[in-house]
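Asker: Okay, here's the structure, questions in a sec.
The values are calculated or read from the model by the stated rules, or taken from the named source; none is laboratory data. Note that this is a predicted model, so its numbers are computed, not measured. Neighbour counts run over all protein chains shown; Cβ positions are idealised from the backbone, glycine included. These accessible areas exclude ligands, DNA and RNA; they are computed on the full protein's heavy atoms, side chains included. Shrake-Rupley method; radii C 1.70, N 1.55, O 1.52, S 1.80 Å.
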Amino acid sequence: MNAPTKISQVETITLGCRLNIAESEAIRTKLATEGHDEPLIVVNSCAVTQEAVRSTRRAIRKARRDNPDARLVVTGCAAQIDPASFGAMPEVDL
């Protein structure tokens, strides 16, 4: 897992492969240029193994604990494979 990257109000947390790293950078750059009035955290999830899914859930819970007022968005393959499960997490806004 990479360390969160912050640009003003946008933070990305990337789990998984090189593709996720590239996608997270593109997401962070796009969102940072748009500007945000509220803190925004994007968790780019991974589903390559069950451990990767568990790590994604842990990262989501930690991000919420550390940033209770931020809007938390989950994207990536784990969120695409099981959107209902990630959407049902109380920590997730979108």
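Asker: Here are the criteria: (1) under 12 Å from Val74 (Cα atoms); (2) more than 10 Å from the chain's Cα centre (by Cα). Tell me which single one Leu40 does not satisfy.
Answerer: Unmet for Leu40, out of (1) under 12 Å from Val74 (Cα atoms); (2) more than 10 Å from the chain's Cα centre (by Cα): (2).
Asker: Quickly run through region 61-94 and pick out the residues that are polar (S, T, N, Q) and surrounded by fewer than 18 Cβ atoms within 10 Å (Cβ to Cβ).
Answerer: Selection gives Asn67, Gln80, Ser85.
Asker: Quick one: which residue in Arg28, Arg64 is modelled with pLDDT under 95, in contact with a strand residue (DSSP E or B) (Cβ under 7 Å, 6 or more places away or on another chain) and charged (D, E, K, R)?
Answerer: Numbers: Arg64 fails: modelled with pLDDT under 95.
Only one candidate qualifies: Arg28.
Asker: May I pose another question? For region 42-61, give me the residue count where each residue is among the hydrophobic types (A, V, I, L, M, F, W, C), in contact with a strand residue (DSSP E or B) (Cβ under 7 Å, 6 or more places away or on another chain) and modelled with pLDDT of 95 or more.
Answerer: The number of residues fulfilling the criteria is 4.
Asker: Another question about this same structure. Report, by residue number, each residue of region 31-60 that is charged (D, E, K, R) and either within 23 Å of Arg18 (Cα to Cα) or buried (at least 21 other Cβ atoms within 10 Å of the Cβ) (or both). Lay out the reasoning, then the answer.
Answerer: Our first condition is that a residue be charged (D, E, K, R); within region 31-60, this holds for 34, 37-38, 51, 54, 57-58.
Within region 31-60, Glu51, Arg54, Arg57, Arg58 meet the criteria.
Asker: Next question, about the same structure. Residue pairs, Cβ under 9 Å, 6 or more apart or interchain, first in region 83-94 and over 15 Å from Val53 (Cα atoms), second assigned to a loop (DSSP other than H, G, I, E, B) and open to solvent by less than 40 Å² (accessible area, probe 1.4 Å). List them.
Answerer: Once the first residue is over 15 Å from Val53 (Cα atoms) and sits in region 83-94, its partners that are assigned to a loop (DSSP other than H, G, I, E, B) and open to solvent by less than 40 Å² (accessible area, probe 1.4 Å) give Asp93/Ala70.
Asker: Moving on. If a residue has to be closer than 17 Å to Ser85 by Cα and either in contact (Cβ under 8 Å) with a residue 24 or more places away in the chain or among the polar types (S, T, N, Q) (or both) to count, how many in region 43-75 make the cut?
Answerer: Count: 21.
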